[in-house]
Amino acid sequence: RLFQPPKKKGGAGGKGGKKKAEGYVIDGVSTTEMTREQLEVFAHRLREEMEREREERNFFQLERDKIRTFWEITRQQLEECQAEL
């Protein structure tokens, strides 16, 4: 995994105290400690990964549709052959 979500705090928080900024941990570094450039590089990596995942998902959906169509045609042919017999 590339990052972990921040731990959730219980309760409503305290009055008058400063809240510590919580961040995600990416490659062992907290986002609160990363530079803008590091965050931009990580965002770019996430976009590339998302695009690859989207392409793979679309490919598998097409394959699923092909198999389903093949199954329907084969089933219809079987029914026709059984009717002939």
>> Take E56 and C81, extend 7 Å from each Cα along the Cα→Cβ direction, and tell me the distance between the two endpoints in nm.
In response: 3.7
> Residue by residue through the range 57-63, which ³J(HN,Hα) values in whole Hz follow from phi under the Karplus form 6.51 cos²θ - 1.76 cosθ + 1.60 (θ = phi - 60°), with glycine and proline marked x?
Replying inline: 4, 4, 4, 5, 5, 5, 4
>> Apply the Karplus curve 6.51 cos²θ - 1.76 cosθ + 1.60, θ = phi - 60°, to the phi angles in the range 66-78 and return the couplings in whole Hz, x for Gly and Pro.
In response: 4, 5, 4, 5, 4, 4, 4, 4, 5, 5, 5, 5, 4
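Only the coordinates and a few stated rules stand behind these numbers; no lab work does. These figures come from a predicted structure and were not determined experimentally. Ideal geometry is used to build each Cβ from the backbone, glycine not excepted, and the neighbour counts take in all protein chains shown.
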